[in-house]
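The values are calculated or read from the model by the stated rules, or taken from the named source; none is laboratory data. All figures in this text were calculated on a predicted structure; none of them were measured in a lab. Cβ coordinates were reconstructed from backbone atoms using ideal geometry, including for glycine residues, and neighbour counts include every protein chain displayed.
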Amino acid sequence: MGRHFGDLARVRHIITYTMSPFEQRAFPNYFSKGIPNVWRRVTGSFFKVAPPMALMYLTYTWGNHVHQQEKRKNPADYENDE
């Protein structure tokens, strides 16, 4: 019933090498190189990312506060109602 997905085309003069998943290491150098690299990248970009995020958070909370104040009724408008 046709070809399998990996055998759809025959490619000539190209050599490919593969390694079995059982021979690969899942997390090589995770603790010795991975975590220090993550720390270096976070500290390197902290001052580029944190100020805009803080500004957006402050703008968002200010806008919500103003919206809640605008939704309230003015008690002075209803003083003389009976």
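Considering every residue within region 70-79, establish whether at least one is modelled with pLDDT under 95, assigned to a helix (DSSP H, G or I) and surrounded by 10 or more Cβ atoms within 10 Å (Cβ to Cβ).
Checking region 70-79: not a single residue is modelled with pLDDT under 95, assigned to a helix (DSSP H, G or I) and surrounded by 10 or more Cβ atoms within 10 Å (Cβ to Cβ).
Looking at region 4-24, is at least one residue on the phi < 0 side of the Ramachandran plot and within 24 Å of the chain's Cα centre (by Cα)?
Keep residues of region 4-24 that are on the phi < 0 side of the Ramachandran plot, which gives 4-12, 14-24.
Those left that are additionally within 24 Å of the chain's Cα centre (by Cα): none.
Checked region 4-24: no residue is on the phi < 0 side of the Ramachandran plot and within 24 Å of the chain's Cα centre (by Cα).
Taking the condition among the small types (Gly, Ala, Ser), outside any helix (DSSP H, G or I) and without any contact (Cβ under 8 Å) to a residue 40 or more places away in the chain, does residue 20 pass?
Working: among the small types (Gly, Ala, Ser): yes; outside any helix (DSSP H, G or I): yes; without any contact (Cβ under 8 Å) to a residue 40 or more places away in the chain: yes.
The answer is yes for residue 20.
Being of a type outside the set (A, V, I, L, M), surrounded by 10 or more Cβ atoms within 10 Å (Cβ to Cβ) and part of a helix (DSSP H, G or I), is that true of even one residue in region 23-30?
Yes - at least one qualifying residue is present in region 23-30.
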